[in-house]
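Student: My questions will all concern the structure given below.
The values are calculated or read from the model by the stated rules, or taken from the named source; none is laboratory data. Not measured: the values here are computed from a predicted model. FYI the Cβ positions are ideal-geometry reconstructions off the backbone, even for glycines, and counts take in every protein chain you see. Protein only, heavy atoms only, side chains kept; ligands, DNA and RNA dropped before computing areas. Shrake-Rupley method; radii C 1.70, N 1.55, O 1.52, S 1.80 Å.
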Amino acid sequence: VYSTYADQWSEEVTNGFESGEISTGKIEAIKIRLRNQKVSGTIEYAAYMQSVGWLDWTSENTESGMPGEGKRLEAYKIRLTGELAEHYDVWYRVHIQSYGWLGWAKNGQTAGSSGIGYRMEALQIKLIPKNAEAPGTNAGYYKDQAIKKLVVIDAGHQRHANRGKEPVAPGSSTLKMK
């Protein structure tokens with residue numbers, strides 16, 4: 001069971017339902033709790049906050065974030081402990097500004113973004129039996145600021161406005177991304 005804070009706490013949702021508001025929401029905190037638990041263990045989670053960084057791990061319906069302070073949550077990670085971790089995987093994904101839904105992360109992987117200044121707008125969480133099929137693609141669940149260095153060979157044929165995407169005259173120079 002989970003809920004998000006964006007000006008106020010949302011209603012609790014479960015089992016992969018969306019919490020948050022796509023294109024208008026700015027999630028500032030999350031809370032997650034277990035119910036109808038049949039094995040021992042806890043669910044723990046940590047949030048990455050705008051201009052703050054990673055907050056400490058927290059658990060069982062405790063706020064992770066800074067509700068009411070106007071700072072956006074950009075990423076988070078969730079893990080299970082005890083017998084719960086032996087019998088289940090926790091899968092989660094986020095919808096971030098300008099990207100949309102990212103892939104599904106699991107068991108402590110970071111979902112969301114950092115260093116690019118985009119807000120997390122919605123999230124989904126699923127608890128699935130250990131080693132069962134993922135709810136969707138497990139690729140692309142995290143985005144960060146990629147710093148790439150452009151090396152231009154024979155720069156005399158390049159124009160500034162071209163931004164190094166391809167040579168002005170085909171075959172006149174070679175571009176390599178590092």
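Student: Only residues that are under 18 Å from Glu12 (Cα atoms) and among the charged types (D, E, K, R): list them for region 40-76, please.
Tutor: Scanning region 40-76 gives Glu44, Glu60, Glu63.
Student: Can you pull out every residue in region 78-105 that is touching a Phe, Trp or Tyr at 6+ places or on another chain (Cβ under 8 Å) and within 16 Å of Tyr2 (Cα to Cα)?
Tutor: Correct list: Ile78, Arg79, Leu80, Trp91, Tyr92, Arg93, Val94, His95.
Student: How many residues does region 1-41 hold that are β-branched (Val, Ile, Thr) and under 13 Å from His95 (Cβ atoms)?
Tutor: 4
Student: Which residue pairs have Cβ atoms closer than 6 Å, lie 6 or more positions apart in sequence or on different chains, and pair a first residue in region 127-138 that is touching a residue at least 24 places away in the same chain (Cβ under 8 Å) with a second residue that is assigned to a loop (DSSP other than H, G, I, E, B) and open to solvent by less than 80 Å² (accessible area, probe 1.4 Å)?
Tutor: Ala134/Trp104; Pro135/Trp104; Gly136/Trp104; Thr137/Gly103; Asn138/Gly103; Asn138/Trp104
Student: If only one of Gly53, Gly20, Gly82, Gly70 is among the small types (Gly, Ala, Ser) and touching a strand residue (DSSP E or B) at 6+ places or on another chain (Cβ under 8 Å), which one is it?
Tutor: Gly20
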